[in-house]
Amino acid sequence: MAKKEYSIDIKDSNLLYHEEFREMETEEPEEVPSPEKEKFKIIGDYTPRIDGERIVTGRAPFTHDIKLRGMLCGKILRCPHACAEVVSVHLSRARSLPGVKATLQLKKGRVKYAGEQVAAAAAVDEKTAEEALKLIKVEYKTLPFVVTEEKAMEEGAPQVHDSPNIDKFNDYNRGDIKKGFESADVVLERTYKTAVEIHHTAETHGSVAKWEGKRVTVWDSTQAIFNVRDGLAQTLRIPASRIKVIKKYMGGGFGSKLGLNDYTVAAVLLAKEAKRPVKITLSRKENSLCVGNRPSSIQTIKAGVKKDGTLTALYLKNYTCGGIRRGDRCSEPLIDVYKCSNVKVEEYTVFTNTGAGRPTRAPGHVQGTFALEGFLDELAHKINLDPLELRKKHYTTKNEGGTRIPYSSKGLDKCYLLGAKKIGWGRRNKKPGEGNGKIRRGLGMASQIWWGMGRPRTLADVKLHRDGSVEAVCGTQDLGTGTKTYMATITAETLGLEPKDITVKIGNTEYPWCGSSGGSTTTPSVAPAIRDAALKAANYMKNQTAEKMEISPDDVIIGKEKLSNKNDPAQSISFKELLKEMRRERVFHGEYVGRPLGYAYNTFGAHFAEVEVDIETGKIKVLKVVATHDSGRIINKLTAESQVIGGITQGISTALFEQRVMDEATGNMVNPNLRDYKIATSFDIPEIEVAFVDMVDPRINILGTKGLGEPPRIPIAAAIANAVYNAIGIHVSEIPMTPDKVLQALKRKEVG
Amino acid sequence: MEKIKKKKRKTFTRRDFLKGFGSGALGAAVVPKLVSQDVFSLQTKEGKIPLYSKKQITLNINEKNYSLVIEPRETLLHVLREKLNLTGTKKTCSGGECGACTVLLDGNPIYSCLTLAIRADNKKITTVEGLAADGKLHPIQQAFIEKDGYQCGFCTPGFIMSSVALLEKNKNPLTEEIKTALSGNLCRCGNYSKIYEAVSVASKSMRGA
Ligand code: FES
Ligand code: FES
């Protein structure tokens, strides 16, 4: 059979969040309902997940678990060189291996990192597909490469793209930085480093593709079914109307599953050629190399401060490395969180021959907060101020960044109060490192800012069936954050039912449109949309009841599985009966219309950490974390708590363990597995206390709820680093704070 | 187990494999012949087993007997997921790093990705699908739901199986003991604290406390 050669060029699906967020602010809806003052019964409570039973019995279908009749196993051949020209690809031997049903060339021209896809094969089983890959002959012409940002920045370093390796992408100025420094009593400068992190989702990335005539269905382990659909339509020039993307259960995304992936395209093409469904699931190694990572950063902060603690100037220079793609904008916290009239930021991307960076739970903010908050602690010490007082002194109720508009709501002050009390802030060392002995204790804290405002035009339906059953439908995806459960909770609350009475349908591009689940946007998008739909359903039911009872709809109240006359509670009709009388099923369309302009909508929080440092071994142990958050109204406290705990666990991992290590000689990753790439586990988990200030935002949406996904991931590493500073008297200034770095820092302190 | 692994390395190195394929790759016609030959073999107590020959085994999974023909190189995880469609047991690393594939073999928690299916011949295997009895969830499953001992749920079957094994042996574990028993399982969503809570709630309810 003749083999076609495909060359796939996928557009950068790595839309940096802040760009997307700015875009979200451009149109003002005509009519914005303000949040209900109403007291709720189930909303705001602790509700176990409605699909818990499927998960604990192993019956929740993940993409890895999908099995279709005649399904083939697809595998991808990846380039072992960090930079090479693909001279030729010979597929014929692989194609003629019995059991192999399709082969593909995926790359022509230059391969820019070790792990980039070159070819693929689909076969009747995994072993045969693996054998097929070994029979594909690729001729490479290897080229010079560079895999570390330090080397990439050097004069004469091999160029990653056809342009310089260093590229300025952010230049921000506010006030007059020069004057700011001139009016300062004390000027301090520090440099902070953060490592490249791998998402390492539990379920590796994967897709299943199946063609039926001209239509294709893709089951994908994704955070964004509509992005995958539209990406496929664009890349393969198939009408979007003929593509259906389904996501059932997904084992973690953290930003690495936000858009179309190249292996999904490969699965679709292999399935087409083989005329059979194809499943591709990546290995742990592939997940380490080519589905994204958190870009590293080298940030230098310089600030001026008056003796009374007033910040007069803040300057940040950032070199961030996202491999072959752009790094992260790390300056947002510095620009926004604290009051300062004179601010300057310069950010540069450094390109290397390594896998592309991708949003990683709170992109830029984790790195930026680590630097900024660490810097503030050192600054506070310089002028003899309590670090928390320094933060309070620069508290602002306006968005400092560009707009100067007020925050719609901001509970950071409440977070400070609550957190300080719970951790016992007074117990900290008044002077960093003042303790003695081999084991030193310390306390530290850090503030958090993030967006979390929701996507206008998110759609959701509530469907009432004549048999009394109810559906809540939305084309969103549940990442394990409890989306399905709060859709049921909100619908049930509105209709007088229990969450278990609601059948929730999500994760299918045939359902009403919803954006990607990323950037802490899902709850503030989906919750108001489903509430809107449910309210419309409730109104319909009220009207029907009013007509029957010959009363005004305003006098109908919804009770437990029934509707009754407010003035004569004995007069009632059951929910089921009312639905039975409908002539046909009814669908109610809900929408999140957006929020008023003129306000900034952000989430806030503060983390407090207590640590122990062994100054002989350099080992850090986190003893306790208190996490306080303002994410608006919390819809389900149980799942919200889990999300915060998860963010903290991952943040501990960032602070102490996680780093991709590249081999400069071969250009390959040294630790592409979960054995050598350390993440936090069992014995690293401290006591964790979560507290929500639970404020209802007065305008963001009908429920006054904001996002929560990224916030708990942001301040934790910084808080731990500050606690370590408080314990040993020197800021380690580089994460992960592995024992060697702690010992080096202690040595620096000794030297002075 | 260890012994077998060592032997395997001796008789069947990566280099041999590559050599085998180097020649096998000369033409498509050669390959199937090669596959059916006893070229690579594995030394076991029962003697030499050719790697590519089939073997009949019986697995007792969740109290049901499955008689099936497998290749000796197939892992228990592969057989469970791909041949028996018992997909509750998950694969996260396939290299003994994560514990997602944990099942009970004669009551002991093992990584099924590191266990050859022939090693489980005639043994009793329990997977997450086999815990609920008569439509009633196991107390550990119940506690995971109640305490929200998961987020994405991908690691959950593995954690549940390790917890079952723990509570079988230790009815009233301390938190440190729970941490030790679950230290072979990774949860990337990071819900450990809630998982420990779930296990201690389950231990209470199993003791009738
Ligand atoms: S899949 Fe078996 S330990 Fe990871
Ligand atoms: S719940 Fe997602 S990995 Fe544990």
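The values are calculated or read from the model by the stated rules, or taken from the named source; none is laboratory data. No experiment lies behind these values; they were computed from the predicted model shown. Quick reminder, even Gly has a Cβ in these numbers, built from the backbone with ideal geometry, and neighbours come from all protein chains shown. Heavy atoms of the whole protein, side chains included, go into the accessibility calculation; ligands, DNA and RNA do not. Shrake-Rupley method; radii C 1.70, N 1.55, O 1.52, S 1.80 Å.
If I filter region A:702-720 for residues that are farther than 26 Å from A:G518 by Cβ and touching a helix residue (DSSP H, G or I) at 6+ places or on another chain (Cβ under 8 Å), do I get at least one hit? The answer is no; no qualifying residue exists. The single condition from (1) within 12 Å of ligand 2 (Cβ to nearest atom); (2) not in a helix (DSSP H, G or I) that B:F159 fails is (2).
If the condition is being within 7 Å of another protein chain (Cβ to nearest Cβ) and within 16 Å of ligand 2 (Cβ to nearest atom), then region B:95-116 contributes B:E97, B:C98, B:A100. Filtered by the rule that a residue be in a strand (DSSP E or B) and within 16 Å of ligand 1 (Cβ to nearest atom), region A:155-211 gives a lone residue, A:G206.
The residue that is farthest from ligand 2 (Cβ to nearest atom), counting only those in region B:163-195 that are facing chain A (nearest Cβ under 8 Å) and not in a loop (DSSP other than H, G, I, E, B), is B:T180. If you go through region A:160-189, how many residues are over 30 Å from A:H81 (Cβ atoms) and among the hydroxyl-bearing types (S, T, Y)? Here the count works out to 2. What about A:R584, is it of a type in the set (D, E, K, R), assigned to a loop (DSSP other than H, G, I, E, B) and either touching a residue at least 60 places away in the same chain (Cβ under 8 Å) or touching a Phe, Trp or Tyr at 6+ places or on another chain (Cβ under 6 Å) (or both)? Yes: the conditions hold for A:R584. Taking the criterion of being under 21 Å from A:G99 (Cβ atoms) and of a type in the set (K, R), the residues of region A:128-151 that qualify are A:K134, A:K137. Can you tell me which residue in region A:48-90 is nearest to A:E286 (Cα to Cα), limited to those that are away from chain B (no Cβ under 14 Å) and surrounded by fewer than 20 Cβ atoms within 10 Å (Cβ to Cβ)? Within region A:48-90, the match that is nearest to A:E286 (Cα to Cα) is A:P80. In summary, A:I573 fulfils each of the numbered conditions (1) within 42 Å of the chain's Cα centre (by Cα); (2) open to solvent by less than 50 Å² (accessible area, probe 1.4 Å) with the single exception of condition (1). The condition of being on the phi < 0 side of the Ramachandran plot and at pLDDT below 95 holds for only one of A:M541, A:M453, A:M487, A:M445, that being A:M453. The residue that is surrounded by the most Cβ atoms within 10 Å (Cβ to Cβ), counting only those in region A:160-177 that are in contact with a helix residue (DSSP H, G or I) (Cβ under 9 Å, 6 or more places away or on another chain) and closer than 16 Å to A:L143 by Cβ, is A:V160.
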